[in-house]
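As structure tokens, the structure follows; a few thoughts come after it.
The values are calculated or read from the model by the stated rules, or taken from the named source; none is laboratory data. Small disclaimer: the values here were computed from a predicted structure and weren't measured. Cβ atoms come from the backbone with ideal geometry, glycine included; neighbour counts cover every protein chain shown. All accessible areas refer to the heavy atoms of the entire protein, side chains included, with ligands and DNA or RNA removed. Shrake-Rupley method; radii C 1.70, N 1.55, O 1.52, S 1.80 Å.
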Amino acid sequence: MKTLTTTDELAQFCEMARAKPYVTIDTEFLRERTYYSKLCLIQMAFDGDGETDAVLVDPLVDGLSLEPLYELFRDTSVVKVFHAARQDLEIFFVEAGVFPDPLFDTQVAAMVCGFGEQVGYETLVRKIAKQGLDKSSRFTDWSRRPLTDAQKKYAIGDVTHLRQIYEFLAGKLSESGRSHWVEEELRILTHPDTYTILPSDAWKRVKTRTNSSKFLSIVRELARFREGYAQSRNVPRNRVFKDDALVELASTKPSNLQELGRSRLLLREARKGEIAEGIMKAVQDGLQCAPEDMPKPDKRDDKQQVNPALADLLRVLLKAKTESSGVAPKLIATASELDALASGQRDVAALNGWRREVFGEDALRLCDGQVALAAKGGSVRIVKLQ
């Protein structure tokens, strides 16, 4: 297998790929020690029968530009095929602000085609390509050079088998008329908001046991500081301080280094210097927040509002719908969405697009008492009520 190390070589391969109906792509990266992923390797393949139809691209080589790849991404005549594309797309969006168009994600397509939830690439290779994969190189350090033959073989397998998987799933979607279902999902994957984390919104990802607005104000400021610090220095947010330490700090509200030092959960590096100063300023900013600017607790998740009997019926309906459609349940509706429906909420994804077609319409009728569920043998059917 060939490894491309110059911009000219990459441009030549991308030019050949642009004459094909699709190209399969994957990446290897590291993220354990950084906020943003470090791109270490790109694998690409198109349908062909020669040694040049599948290559590795080494983005760590000095002087290599990925612009030919980005031009291929912008070429709408060529489908760009990934498996579980989210992290790959984040890398390219952060690096160059570009998304592959059009995109096909075989993991999303497989869930629509009845292969289960979050189906792995290895499973699809076994079931569709009838091949096995050596995954022993999965957790190796992809930033080290030279790459071993085992690493190269593992990496290229992630795009060569993907060709057969793509053709099989694309055919299934065409036969079933569900291609637009996948397209709806991919619009989310190719939207900038999916990958943009604003420090001001980072607090929404922190789990707390209280809905006190004043407490949440401190949580918001601590999360804002941590996210901004992590982004600016390209370090994982947990290396600044972890969520449990953040919640502890919001509770203890330290105002000086001595009080900060009493924290049980704070890393030693965070008890001094810029991080310590940032923590204390964030706490004070949270305490001084005006009442009208404080975060408002989201009461939509209040479990007391949920009709438990209706929630159980919705679960039965979802199971019946997934069995008849062959679509993975969590792709249609999550448990929290079912509870939201049972509490009267209507701003849930299960009521939009193809999900409404498969499940949402009947779910609304069930909530409104227009239909009932009847069991016969191992099946469940919907009965209209007069």
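Once you place label points 7 Å from the Cα toward the Cβ at Lys207 and Glu95, how far apart are they in nm?
Distance between the two pseudo-spin positions: 3.4 nm.
Over region 342-386, average the accessible area per residue using a 1.4 Å probe and give it in Å², no decimals.
Accessible area per residue, region 342-386: 59 Å².
How large is the accessible surface per residue of region 217-321, computed with a 1.4 Å probe and reported in Å² as a whole number? Before the final figure, lay out the partial values.
Details: 6000 Å² over 105 residues.
Accessible area per residue, region 217-321: 57 Å².
Would you please give the residues with an amide H less than 5 Å from that of Tyr22, counting only those at least 5 places away or on a separate chain, with H modeled from the backbone geometry?
Under 5 Å from the amide H of Tyr22 lie the amide H atoms of Asp47, Val79, each far enough along the sequence or on another chain.
Looking at Tyr35, Thr7, Ser77, which one has the Cα that reaches farthest to the positive end of the dipole of the chain (charges on Cβ: Lys, Arg +1; Asp, Glu -1)?
Positive-end residue among those listed: Tyr35.
Residues of region 2-194: accessible area per residue at 1.4 Å, in Å²? Can you show the working numbers first?
On the way: 9060 Å² over 193 residues.
That works out to 47 Å² per residue.
What percentage of the solvent-accessible surface of region 51-132, computed with a 1.4 Å probe over protein heavy atoms, is contributed by carbon and sulfur atoms?
Here it works out to 44 percent.
Within region 73-170, which trypsin sites (Lys or Arg not before Pro) sit in a loop by DSSP and count at most 14 neighbouring Cβ atoms inside 10 Å?
Sites meeting the loop and neighbour criteria: Lys130, Lys135, Arg138, Arg144.
Distance from the Cα centre of region 72-116 to that of region 310-386, in angstrom?
After rounding, the separation between the Cα centres reads 29 Å.
Taking each pair of different alpha-carbon atoms in region 308-384 once, compute 1/r for the pair, average those values, and report the inverse of that mean as the Kirkwood hydrodynamic radius in Å to one decimal.
12.3 Å
Using a 1.4 angstrom probe on heavy atoms only, work out the carbon and sulfur share of the accessible area of region 140-212 in %.
That share works out to 49 percent.
Between exposed GluC sites (Glu not before Pro) in the chain, where DSSP calls loop and at most 13 other Cβ atoms lie within 10 Å, what's the longest gap? The partial results should precede the final answer.
Working: sites that count: Glu32, Glu51, Glu117.
Here the longest run is 118-386.
Counting only protein heavy atoms and a 1.4 Å probe, tell me what percentage of region 230-386's accessible area is made up of carbon and sulfur. Could the numbers behind the result be given before it?
Working: 4500 of 9140 Å².
Here it works out to 49 percent.
For a label point 7 angstrom out from the Cα of Lys319 toward its Cβ, which stretches of region 342-386 have the backbone nitrogen within less than 15 Å?
373-382
How many nm separate the modelled label positions at Asn256 and Asp141, each set 7 Å beyond the Cα in the direction of the Cβ?
Placing both labels 7 Å beyond Cα along the Cβ direction yields 4.5 nm.
Tell me the net charge near Phe225. Cut-off is 9 Å between Cβ atoms, Phe225 excluded, with +1 for each Lys or Arg and -1 for each Asp or Glu.
Around Phe225, the charge tally is 0.
Under DSSP H, which helices of the chain have Cα atoms covering 27 Å or more of the helix axis and a Kyte-Doolittle average no less than -1.0? Intermediate values should be presented prior to the final figure.
On the way: long enough: 149-176 (40 Å, -0.48); 213-233 (30 Å, -0.52).
Helices passing the filter in the chain: 149-176, 213-233.
Among all the lysines, which ones have a C-alpha under 28 Å from Lys384's C-alpha, if same-chain residues fewer than 8 places away are not counted?
Lys319, Lys321, Lys330, Lys376
Once you sort the root eigenvalues of the Cα gyration tensor of region 110-266 as a ≥ b ≥ c, which label holds: rounded (a/c under 1.5), prolate (a/b larger than b/c) or oblate (the other case)?
The shape class here is prolate.
Restrict the search to region 223-328; then list the trypsin sites (Lys or Arg not before Pro) that DSSP places in a loop and that have at most 14 other Cβ atoms within 10 Å of their Cβ.
Loop-located and lightly packed - Arg262, Arg264, Lys272.
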